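Asks: Okay, handing you the structure first.
The values are calculated or read from the model by the stated rules, or taken from the named source; none is laboratory data. None of these values were measured; they are calculated from a predicted model. Here the Cβ is made from the backbone with ideal geometry for all residues, glycine too, and neighbour counts use every protein chain on show. Calculation scope for accessible area: heavy atoms of the full protein, side chains included, ligands and nucleic acids excluded. Shrake-Rupley method; radii C 1.70, N 1.55, O 1.52, S 1.80 Å.
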Amino acid sequence: MTLDTWMLFFLAYLLATLTPGPNVLLVVKNGLQLGWRPALLTIGANLCCQAILIFLVAMGVGALLQTLPPLFIALKLAGGGYLIYLGYKALRSARAGNHDVALTDPRTRTRSDLALLREAFLVSASNPKTIIFLCALLPQFLDHQSPLPIQFVTMYLSICVIVTLVHLCYVALARRAGSYFNPARGQRLFSRITGGLFITLGGAILLSGRP
């Protein structure tokens with residue numbers, strides 16, 4: 001991969017990452033309600049899922065998914081249903097006003113961290129079109145005269161930098177905006193907004209057709 005090709009890939013993925021989606025929404029939600037550490041855990045789980053997806057693309061699973069409609073539909077139903085469930089949880093939390101999280105017990109903190117990681121991983125894997133998008137995007141920048149594993153690793157490391165910087169910028173902007181609102185009222189409002197958006201995104205996945 002030449003420097004020019006890498007720069008084109010970096011720009012293309014940056015533009016794709018700047019478009020808010022379920023991953024950005026979850027990072028902002030956790031960063032605003034729980035703080036920077038949960039936001040970083042959310043980003044880390046997202047990148048772990050991205051690593052698996054890129055490995056599957058390298059193995060040709062993305063192309064296989066396009067040729068197996070039942071598998072695509074099953075993944076779509078599971079992913080869309082999970083986002084709708086997260087939206088319902090956020091709306092229920094807003095109604096109950098339960099936003100004060102006190103993790104004083106180390107065992108509780110560990111379980112909570114695991115829950116954050118699991119939730120972020122599942123959100124990142126919730127849309128089967130993600131792997132198809134990567135399957136369409138990544139090969140465009142591959143130089144088949146050079147070792148492919150090194151190029152996939154280079155693209156993954158670039159994705160890590162892009163996702164981390166963009167998502168942290170979104171969290172910083174959200175926290176800055178949140179400082180102008182009453183904390184309790186702002187948290188309830190944000191939970192309603194994120195709940196509605198998760199349900200909308202989940203519904204969009206369920207209603208979307210095959211790529």
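Asks: Take THR42 and decide whether it is modelled with pLDDT of 90 or more and polar (S, T, N, Q).
Replies: yes
Asks: Return only the number of the condition from (1) part of a loop (DSSP other than H, G, I, E, B); (2) more than 17 Å from THR19 (Cα to Cα) that ILE150 does not satisfy.
Replies: Against the list (1) part of a loop (DSSP other than H, G, I, E, B); (2) more than 17 Å from THR19 (Cα to Cα), ILE150 comes up short only on (1).
Asks: May I ask you to list the residues in the range 136-166 that are among the small types (Gly, Ala, Ser) and within 13 Å of ALA51 (Cβ to Cβ)?
Replies: SER158 - this is the single residue of the range 136-166 that is among the small types (Gly, Ala, Ser) and within 13 Å of ALA51 (Cβ to Cβ).
Asks: Does PRO211 qualify as being exposed (fewer than 15 other Cβ atoms within 10 Å of the Cβ), in contact with a helix residue (DSSP H, G or I) (Cβ under 6 Å, 6 or more places away or on another chain) and at pLDDT below 70?
Replies: For PRO211, the condition - exposed (fewer than 15 other Cβ atoms within 10 Å of the Cβ), in contact with a helix residue (DSSP H, G or I) (Cβ under 6 Å, 6 or more places away or on another chain) and at pLDDT below 70 - is met.
Asks: Looking at ALA90 and the list (1) open to solvent by 40 Å² or more (accessible area, probe 1.4 Å); (2) modelled with pLDDT of 70 or more, which single condition is not satisfied?
Replies: Answer for ALA90: the failing condition is (1).
Asks: From the list ALA39, ALA45, pick out the single residue that is part of a helix (DSSP H, G or I), touching a Gly at 6+ places or on another chain (Cβ under 7 Å) and on the phi < 0 side of the Ramachandran plot.
Replies: Checking each option against the conditions leaves just ALA39.
Asks: Kindly check whether there is at least one residue in the range 48-64 that is at pLDDT 90 or above, of a type in the set (A, V, I, L, M, F, W, C), assigned to a helix (DSSP H, G or I) and farther than 18 Å from SER126 by Cα.
Replies: Looking for residues that are at pLDDT 90 or above, of a type in the set (A, V, I, L, M, F, W, C), assigned to a helix (DSSP H, G or I) and farther than 18 Å from SER126 by Cα, one finds none in the range 48-64, hence no.
Asks: What are the pairs with Cβ atoms under 8 angstrom where one residue, in the range 112-134, is in contact (Cβ under 8 Å) with a residue 40 or more places away in the chain and the other, located anywhere, is part of a helix (DSSP H, G or I) and of a type in the set (Phe, Trp, Tyr)? Sequence gap at least six, or different chains.
Replies: Listed pairs, sorted by first residue: LEU122/TYR82; VAL123/TYR82; SER126/TYR82; PRO128/PHE72.
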